[in-house]
Amino acid sequence: MTYDINSLVRSAAVVIVGLPVALSMGNLTNTTASVAALALEKTAANEVIASLRGDLVKPCLDYYVSKVDSKLEREAKNTIDDVMGGEVNHKGICDYILN
């Protein structure tokens, strides 16, 4: 059996490049599973945020697409204030809700 130096170097290169990639993919899979488990965990905060998102998506969209000082903008701001229970930073809350 003869050994060709080219095939030995090529095999070594494949191992050197492939091993870190394979190890990092395994670690990525474990990390993704952990993050997914945390994201799916129902907490009181997640339930409140989900409820607020449900109530505020339409008013926030109305707020963003309306002209400045228009009736639609005033109504959207009033709805947002009512849901939040007082005056809020409308742009800030809508950025959070829609992102």
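Each reported figure results from applying straightforward, stated rules to the coordinates on display, with no laboratory input. Nothing here was measured: the structure is a model prediction, and the numbers come from that model. Methodologically, a virtual Cβ is constructed for each residue, glycine included, from the backbone with ideal geometry; neighbour enumeration extends over all protein chains shown.
Spacing of the modelled spin labels on Glu87 and Leu61, each 7 Å from Cα toward Cβ, amounts to 2.9 nm.
Residues with beta-carbon under 14 Å from that of Lys71, excluding Lys71: net charge, scoring Lys, Arg +1 and Asp, Glu -1? Value of the local net charge: -1.
Given R0 = 22 Å, the distance between the Cβ atoms of Asn46 and Tyr96 translates into a calculated FRET efficiency of 0.95.
Listed highest first by mean packing, meaning other Cβ atoms within 10 Å per residue, what order do 70-79, 55-64, 5-14, 84-93 come in? Walk me through the intermediate numbers first.
Working: 70-79: 14.4, 55-64: 17.4, 5-14: 9.6, 84-93: 11.9.
Ranked from most to least packed, the peptides come out as 55-64, 70-79, 84-93, 5-14.
When the chain is fully extended, how far beyond the present Cα-Cα distance does Asn6 get from Ser70, taking 0.36 nm per residue of separation?
Values: separation 64, 0.36 × 64 = 23.04 nm, distance 7.39 nm.
The Asn6-Ser70 span can extend by a further 15.6 nm.
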